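The values are calculated or read from the model by the stated rules, or taken from the named source; none is laboratory data. From a predicted model like this one, the values you see are computed outputs, not experimental measurements. For neighbour counting, all protein chains shown are included, and Cβ atoms are generated from backbone atoms with ideal geometry for every residue, glycine included.
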Number of protein chains: 2
Amino acid sequence: MNELSVELLDQLSQIDLFAGLLTTEIQEILAYARPLTLQPDAYFFQQAAPAKALYILLEGQLKVTQLTPDGQQVVMRMVNSLEIFGCVAALSGGEYPASAQATKTCQAYALRQKDIQMLLPQYPKMAMNAFQIMVQRTHELQDRYRELATECVERRLAHAVLRLVDQSGREESDKIVLDMPLSRQDLAEMIGSTLYSVSRILSQWEGRGLVLAGREKLSVVKPDILSQIAEAQIFSADLKNAPI
Amino acid sequence: MNELSVELLDQLSQIDLFAGLLTTEIQEILAYARPLTLQPDAYFFQQAAPAKALYILLEGQLKVTQLTPDGQQVVMRMVNSLEIFGCVAALSGGEYPASAQATKTCQAYALRQKDIQMLLPQYPKMAMNAFQIMVQRTHELQDRYRELATECVERRLAHAVLRLVDQSGREESDKIVLDMPLSRQDLAEMIGSTLYSVSRILSQWEGRGLVLAGREKLSVVKPDILSQIAEAQIFSADLKNAPI
DNA sequence: GTCAATTCTTGATCCAGATCAAATTTTAAA
DNA sequence: TTTAAAATTTGATCTGGATCAAGAATTGAC
């Protein structure tokens with residue numbers, strides 16, 4: 001349909017789903033895609049809605065969350081540029097198991113389920129990529145599950161922050177800035193804790209010069225120490241009786 | 001290679017991975033598979049070993065576990081007859097993210113990674129199935145993650161027991177028997193708790209006539225009440241002050 | 001600027017469930 | 001049958017982190 005710019009195509013070929021495909025093939029596939037823009041806080045889809053489309057995020061950021069029957073929220077995943085989400089829709093078809101809500105202004109492509117079903121057999125390479133992505137996703141989720149089952153809140157928070165740094169950290173001279181609105185509540189929902197516990201730990205980290213925390217802002221000053229906390233080389237508790 | 005019996009082929013066609021395939025196709029695929037038998041407690045593969053094969057469980061049962069750096073175990077999944085496991089190996093190739101240990105005598109087929117890579121494009125239907133299975137797996141894992149993040153031990157245990165009932169419960173006249181060695185420790189590892197907490201809850205359930213618990217044995221007498229506990233319709237705590 | 005709405009901090013308290021410590025029961029092996 | 005090993009129960013205690021409560025800081029609207 002629409003002609004895609006060279007830069008855009010260059011971006012698109014970086015998407016895992018399209019790895020190894022020719023740009024002409026990507027164009028053929030995207031002929032079926034519908035572009036859309038969402039403002040922060042808007043939803044791509046809501047939990048339990050019929051899964052109609054898979055999305056490719058071009059620009060922006062969003063979170064995938066599940067709501068429990070009693071209203072608690074759990075953040076399953078943060079999605080960044082050039083990642084796909086709503087994969088369940090791709091084939092299984094049922095309902096979205098979670099909601100997807102923009103945390104920044106988002107530009108994305110939507111691929112309808114019936115188009116995907118038609119396209120996947122036509123582009124086996126893409127099917128393989130999709131499979132690969134799901135395996136990867138399961139793998140990550142397993143790690144987080146183990147983390148939640150066995151690690152204390154401080155370590156889980158360290159892991160979560162480091163993951164965010166990896167995914168969307170912008171390096172400045174003396175720190176790594178997380179360019180997104182990120183409340184204590186958000187962090188708590190990522191690690192299965194409460195905003196109070198997160199606040200306490202961040203305050204303590206800030207006191208030790210590991211991070212800079214503001215209202216819905218966070219920068220990491222010493223990622224290496226954070227890694228040590230995440231990997232249990234060091235406990236904050238150890239510092240209490242540490243020699244000066 | 002080997003001729004497969006009619007009964008076996010009938011069983012095999014029930015496997016999700018082979019859904020929609022012709023029995024001749026299944027035979028072609030399984031020509032590449034290597035059959036193997038494992039005694040209880042033996043490992044199909046260990047965590048961090050190079051992922052060389054995907055397995056199809058014909059008969060028996062096993063558990064997929066992750067070990068934390070400090071030696072705690074987490075049960076990621078119980079695998080029953082006609083399910084596949086070690087899917088990571090199928091494509092991504094890296095290392096097994098978990099170990100697979102037989103809990104009963106197991107009969108399985110192993111499909112080597114290189115054979116899978118060759119077969120998948122040849123049988124697009126199978127590739128679709130594999131994808132579907134991974135989506136399903138992710139879905140389940142998400143649910144368990146949310147459960148772990150938000151629910152109390154008693155409810156998580158109820159969920160876990162009901163899942164086991166679904167997967168491998170054998171119905172008797174007055175109860176549903178879980179035909180597998182199942183220690184308090186095993187259950188604890190499935191829900192991210194301790195054997196002490198599990199023991200206390202099972203004792204309490206037994207006192208209320210919901211289950212029959214023995215050494216490495218468990219039967220469910222009132223699955224409906226267990227469902228209510230799992231879904232928080234009822235709390236054990238409520239009973240303390242309940243009218244007689 | 002002022003005001004109101006959010007978000008965040010921090011102290012105080014509480015509790016589910018982990019940990020510890022002994023029995024006790026079950027099972028299997030000698 | 002005796003005995004030892006493993007699994008389980010159950011009481012006692014402890015504690016990480018949730019919950020509650022009350023300000024303080026930040027932000028945006030007017």
Wholly inside the range B:102-201, helices (runs of 4 or more DSSP H) that include 1 or more residues that are within 16 Å of DNA strand C (Cβ to nearest atom) are B:124-150, B:153-168, B:184-191
If you scan the range B:203-217, which residues turn out to be more than 8 Å from DNA strand D (Cβ to nearest atom) and surrounded by 16 or more Cβ atoms within 10 Å (Cβ to Cβ)? B:205, B:210, B:211, B:212
Consider residue A:52 carefully, then state whether it is basic (Lys, Arg), touching a strand residue (DSSP E or B) at 6+ places or on another chain (Cβ under 9 Å) and over 26 Å from residue A:188 (Cα atoms). yes
Which one of B:94, B:71 is out of contact with any Lys or Arg (no Cβ under 7 Å at 6 or more places or on another chain), on the phi > 0 side of the Ramachandran plot and not charged (D, E, K, R)? B:71
Can you pull out the residues in the range A:34-51 that are of a type in the set (S, T, N, Q) and part of a strand (DSSP E or B)? A:37
Within the range B:128-141, can one find any residue that is at pLDDT below 95, crowded, with 19+ Cβ neighbours inside 10 Å and over 21 Å from the mean Cα position of the chain (by Cα)? yes
Going through the range A:175-192 one residue at a time, which ones are among the aliphatic types (A, V, I, L, M) and without any contact (Cβ under 8 Å) to a residue 40 or more places away in the chain? A:182, A:187, A:188
Apart from one, (1) within 21 Å of residue A:183 (Cβ to Cβ); (2) assigned to a strand (DSSP E or B) all hold for residue A:54; the odd one out is (1)
Only one of these conditions is not met by residue B:44: (1) under 20 Å from residue B:141 (Cα atoms); (2) modelled with pLDDT of 95 or more. Which number is it? (1)
Residues of the range B:72-106 being over 23 Å from residue B:116 (Cβ atoms) and more than 10 Å from chain A (Cβ to nearest Cβ), in sequence order, are B:78, B:103, B:104, B:105
